[in-house]
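Heads up: the structure comes next, in structure tokens.
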Amino acid sequence: MTIYIVTLFPEMFEPVLNTSMLRKAQEHKLVKFELVNLRDFGISPRKTVDDTPYGGGAGMVLRCEPVFAAVEMIKSSQPEAQVLMMTPR
């Protein structure tokens, strides 16, 4: 099984994925983790991936274009892949 993780912080996942049971599962070829840097799909020369929230308010939200492009890239090589969109909650 291959699990693709689309994130702005791929370096944050490497220590977790290479520790304990997740490391053992990878060593036994039960799972493979692929980290996809969302910034690689950013818009403009600055690789922008976020935008201000519709209606104003504090904080930023992810732009749909980079997320869609990242998922499309994964689906092009793994058409049967399931997509799980996680939220901060």
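Semi-axis lengths, largest first, of the ellipsoid equivalent to the chain are 28, 16, 12 Å, with √(5λ) applied to each eigenvalue of the Cα gyration tensor.
From most to least packed by mean Cβ count within 10 Å, the peptides 53-63, 32-42, 2-12 give 32-42, 2-12, 53-63.
By accessible area, using a 1.4 Å probe on protein heavy atoms only, the chain has 60% of its surface on carbon and sulfur. The lysines whose alpha-carbon is closer than 25 Å to the alpha-carbon of Lys24, local same-chain residues fewer than 8 away aside, are Lys32. Annotation: per residue accessible area for the chain equals 80 Å², rounded to a whole number [probe 1.4 Å, protein chains only].
Taking Cα centre as origin and charging only the Cβ of basic (Lys, Arg, +1) and acidic (Asp, Glu, -1) residues, the dipole magnitude of the chain rounds to 180 debye.
The values are calculated or read from the model by the stated rules, or taken from the named source; none is laboratory data. Here the structure is a predicted model, which means the values were calculated and not measured. Note: ideal-geometry Cβ built from the backbone for every residue, glycine included; neighbour counts use all protein chains shown. SASA here: full protein model, heavy atoms, side chains in, ligands and nucleic acids out. Shrake-Rupley method; radii C 1.70, N 1.55, O 1.52, S 1.80 Å.
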